1. When you scan segment B:4-117 for helices (runs of 4 or more DSSP H) that lie fully inside it, which ones turn up with 1 or more residues that are within 14 Å of another protein chain (Cβ to nearest Cβ) and at pLDDT below 95?
2. State which residue is nearest to B:Gly249 (Cα to Cα) when the search covers only segment B:186-203 and only residues that are in a strand (DSSP E or B) and aliphatic (A, V, I, L, M).
3. Those residues that are in contact (Cβ under 8 Å) with a residue 40 or more places away in the chain, within 8 Å of chain A (Cβ to nearest Cβ) and assigned to a loop (DSSP other than H, G, I, E, B), I need them from segment B:306-319; list them, please.
4. Sort out which residues of segment B:41-64 are in contact (Cβ under 8 Å) with a residue 60 or more places away in the chain, touching a Leu at 6+ places or on another chain (Cβ under 8 Å) and crowded, with 21+ Cβ neighbours inside 10 Å, and write them in order of number.
5. Scan segment A:252-275 and report the pairs whose first residue is away from chain B (no Cβ under 11 Å) and whose second residue is among the charged types (D, E, K, R) and assigned to a helix (DSSP H, G or I), with Cβ atoms within less than 8 Å and a gap of 6+ or a chain change.
6. What residue, among those in segment A:289-305 that are in contact with a strand residue (DSSP E or B) (Cβ under 8 Å, 6 or more places away or on another chain) and among the charged types (D, E, K, R), is farthest from the other protein chains (Cβ to nearest Cβ)?
7. Going by the structure shown, is B:Asp206 acidic (Asp, Glu), away from every other protein chain (no Cβ under 14 Å) and within 17 Å of the chain's Cα centre (by Cα)?
8. Looking at A:Thr152, A:Thr105 in this structure, which one is buried (at least 24 other Cβ atoms within 10 Å of the Cβ), in contact (Cβ under 8 Å) with a residue 24 or more places away in the chain and outside the structural domain of A:Ala296 (by TED's automatic domain parsing)?
There are 2 protein chains.
Amino acid sequence: MIRAARARIGRNLRRTPLLSSPALDAIAGRRVLVKAECLQVTGSFKARGGWSAVSAIPEDVRARGVIAFSSGNHAQGVAHAAREHGIPAVILMPIDAPQAKIDNTRALGAEVVPFDRDTDDRDAMGAALAEARGLTLIKPFDDPLVIAGQGTLGLELAEQAAEAGVTRAEVLVCCGGGGLSSGVALALEAEAPGLRVRPAEPEGFDDVARSLAAGEIRRNDRLSGSICDAIVTPQPGALTFPILKRLCGPGLAVSDDEALRAMALAFRHLRVVIEPGGAVALAAALFRPEQVDGDAVIAVATGGNVDAALYARALETLA
Amino acid sequence: MIRAARARIGRNLRRTPLLSSPALDAIAGRRVLVKAECLQVTGSFKARGGWSAVSAIPEDVRARGVIAFSSGNHAQGVAHAAREHGIPAVILMPIDAPQAKIDNTRALGAEVVPFDRDTDDRDAMGAALAEARGLTLIKPFDDPLVIAGQGTLGLELAEQAAEAGVTRAEVLVCCGGGGLSSGVALALEAEAPGLRVRPAEPEGFDDVARSLAAGEIRRNDRLSGSICDAIVTPQPGALTFPILKRLCGPGLAVSDDEALRAMALAFRHLRVVIEPGGAVALAAALFRPEQVDGDAVIAVATGGNVDAALYARALETLA
């Protein structure tokens, strides 16, 4: 399914580069390779899952449109795929999503419907809208087509790591519901078995790490209050968790301040823009070296959609 | 010579991506393709010329080391090439160069010697040091090997533009002494004759545009006072100007504020960090559309080494 998703995506999305810097290597105490997925179309890996899912819908059904709920990156991924396929997209977005993500989603031609992530049941809202308009729901992570789409990043990574001479390493992946982590883990299992995924999360919202440690699904106590909003989800998915459990190493968690510092170091040494939720893997690589094994570590920088004010706050950590 | 430089560079440097965003297309009123050379090793295209020149020195001479004068990007390019070749590098840097560039140059193992760009004669200082220590001087632009190295960007661009379906377009290149503009122009003349270079400069420091208009070399009135310090040079080079005159279209100039706005739009829509001097070409593409011809325009984002405080100022233009 991952290879089929890659074939459907074709050249509609980007093969994002694998970047590095001697300065980051020095901080981490080992070679650091950063998969700069923030340079993906729409600014995050979600364009992969969105394209994979939208392109697989039978044409007559697809014509009625798609619906998704998202704090922003999945929204843009689905909106982009819908626009490129010439179909309507309705996106339910939390009212506290970064303004840049709301603006970008609207700019991609989607209809944005706001919801409150503490009080509204987004699943019920989405299902009702989907039924009323005949829209196909594109789930953010717990869908085989979405997981397969995210897994295309793993196929690229297997090739790029080999080109860089890295065949054994841990691959730190910013993790919300586990769609990317599970897709990449499946791709690497097939194409680069020496590379092992380890999910990275914000401290206090490390449901995946706790679930992996417990061997069964654990929930987050709360769903707001992190600057890493893009990767805060209630719990790992029913489809993604068994894959994570089978293939991934233990989860890692970093503080908001560490995520901000990783953003600033990526600004200075890689010249790419990473959002807080997209920086937790790099932060873990840089600031949790004792929890990582090997001569090299790979961090996936999953997205780069961040409001200017929050980015300026990250840059202040360089002073 | 450009093809030979590419062969010497091999896989030591990056093939930087060609990025785009519908939002930038909408602002410019035509398709905008951005060659994200800010993602190059050392954060600028200068790594190309540095590698080309250092790698071409006979080994016994090269072993004594190299010397360069630079506001920062050429410094890092030469320092990087020297370190990778295992030889010493001495870099003369202006006292008002951005701290990040000075720090990065030192981090690359180079010895930094400061000079005042208004009162010191950097050429004389460099020549004296070179003679005393047996160092080979690597000029910043007016050297065939350096021009050839920068021209390797043009070879990539010819391939990438063709992949993007663009065979006729103007290529806006941030221009100081003209090393990159002339190298790219030569490469495109051979490989993509439908692509034509147009130099882009900061207003008030548009010596190349005025020289092209006059048909002979014109000097800048002053050499400090622009935030685009990386591309402020006294005048076009003796070697570069005849190439620019033969192959380039008229020069373009943008204000400091427009450069800052282009940096901010690249942050939001491309997720890459561009320095002021590296943003003038994109600024011209976005804010001088009436001076550009064609359905598509290519802008080279030449570098991404910028202090955090100045970058924060650029982000304020989004508010």
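1. Fully inside segment B:4-117 and qualifying: B:22-28, B:73-85, B:99-107.
2. B:Val197
3. Within segment B:306-319, none qualify.
4. Once the filter is applied, which keeps residues that are in contact (Cβ under 8 Å) with a residue 60 or more places away in the chain, touching a Leu at 6+ places or on another chain (Cβ under 8 Å) and crowded, with 21+ Cβ neighbours inside 10 Å, segment B:41-64 yields B:Thr42, B:Phe45, B:Arg48, B:Gly49, B:Trp51, B:Ser52, B:Ala53.
5. Final answer for the pair search is A:Leu260/A:Arg313.
6. Only one residue tops the list, namely A:Asp293.
7. yes
8. Exactly one residue qualifies, and that residue is A:Thr105.
The values are calculated or read from the model by the stated rules, or taken from the named source; none is laboratory data. Everything numeric here is computed off the predicted structure, so don't read it as measured data. Methodologically, a virtual Cβ is constructed for each residue, glycine included, from the backbone with ideal geometry; neighbour enumeration extends over all protein chains shown.
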